[in-house]
Amino acid sequence: MKIDPEDNHASLPRRWGVPLGVAAGVAALSVAAVAAFSGVGDAKPVLAGPAGNPTGAAASPSSGTTHGSTSGGAGSAPSSAPVTSAQDAFSITSGKTTPIAAGAVTKILSSCLGPDASRYHAVIAVRTPIASKDWDGVVVAVDSAGQYVQCESKGDKGNSPDSPPTFINNRLWGTGRTIAYFDSIGAPAGKDQYLMLGAGHHASNVARIAISYGDDPKQYPAVMAGGAFVYAAALSADTSGRHYSGPSPYVHAYDASGKEIYNQAKDPQFAG
């Protein structure tokens with residue numbers, strides 16, 4: 001992925017490749033993300049634990065983007081994820097998220113969704129392990145019809161790159177319809193520091209989700225609640241002032257027995 005220097009607004013390609021002709025016809029991309037998950041309307045906002053896990057959630061299978069067009073309406077098309085080049089060495093310095101206070105969540109949804117905010121309740125609301133110029137957290141919320149919204153935050157202010165914000169429900173499902181992808185973004189967060197952030201939702205047979213980056217097999221737990229998931233990471237790399245091609249994040253899904261049932265890195269829908 002390409003991440004611009006700090007003095008430029010980050011413009012990072014989303015993590016899924018969609019043919020332009022398909023993206024123009026949003027309905028053909030996937031079915032709307034309505035409640036395949038029972039009880040989603042009763043989900044409570046998740047609290048992230050000290051290792052980045054939601055409180056009470058299963059541990060990850062191991063230890064612990066760049067934003068393309070920020071308009072997400074039906075006429076926009078996410079770009080294909082580039083291949084990480086060998087010279088783009090990096091390290092994930094933290095995958096830990098922390099909960100956003102309830103009062104701040106209300107303000108974030110209100111500024112993100114306007115008068116529609118009252119129709120949504122948050123299922124995940126977390127601060128990222130590092131802050132960029134424009135983002136320091138994310139709130140994923142859902143309405144009574146099972147329609148999700150993803151609002152990035154900076155302090156108590158929220159925004160969505162999608163118009164309308166519910167456009168994420170018409171995005172691409174991975175092969176096998178196990179994982180669906182919302183917005184995935186990245187941004188510089190200081191000298192040689194970068195924020196990576198993404199979200200999506202999952203089928204009901206998924207018990208836990210973890211994220212790996214580039215060719216590194218280490219996986220970091222995603223926060224899960226209400227049929228949705230969020231991941232965030234602080235990344236360090238020596239870019240020597242140049243534009244940076246960072247690692248692609250890959251989603252891994254596991255069932256209740258611990259078996260991996262989805263690996264985005266092996267999904268032909270995202271190959272090439």
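Just so you know, all these numbers are worked out from the coordinates, no wet-lab data involved. Since we're looking at a predicted model, the values are computed, not measured. With ideal geometry, Cβ positions are generated from the backbone for all residues, glycine too; neighbour counts draw on all protein chains shown.
Could the peptides 258-268, 151-161 be put in order, highest first, of the mean number of other beta-carbon atoms found within 10 Å of their residues?
Ranking the peptides 258-268, 151-161 by packing returns 151-161, 258-268.
What is the spin-label model distance, in nm, from Asp192 to Asp216 if the labels are put 7 Å beyond Cα along the C-beta direction?
1.4
Output the direction-averaged projected area (hull surface divided by four) of the convex hull of the alpha-carbon atoms of the range 167-272, in nm².
Mean orientational projected area (the range 167-272, Cα hull): 7.5 nm².
For the pairs Lys154/Lys259; Lys157/Lys191; Lys107/Lys218; Lys133/Lys266; Lys191/Lys218; Lys154/Lys191, flag any whose C-alpha to C-alpha distance is greater than 26 Å.
Beyond 26 Å: Lys154/Lys259; Lys107/Lys218; Lys133/Lys266.
What is the gain in length, in nm to one decimal, between Ala265 and Ser204 on full extension, counting 0.36 nm per residue of separation less the C-alpha to C-alpha distance? Please report the intermediate quantities before stating the final value.
Details: separation 61, 0.36 × 61 = 21.96 nm, distance 2.11 nm.
So the chain would gain 19.8 nm between Ala265 and Ser204.
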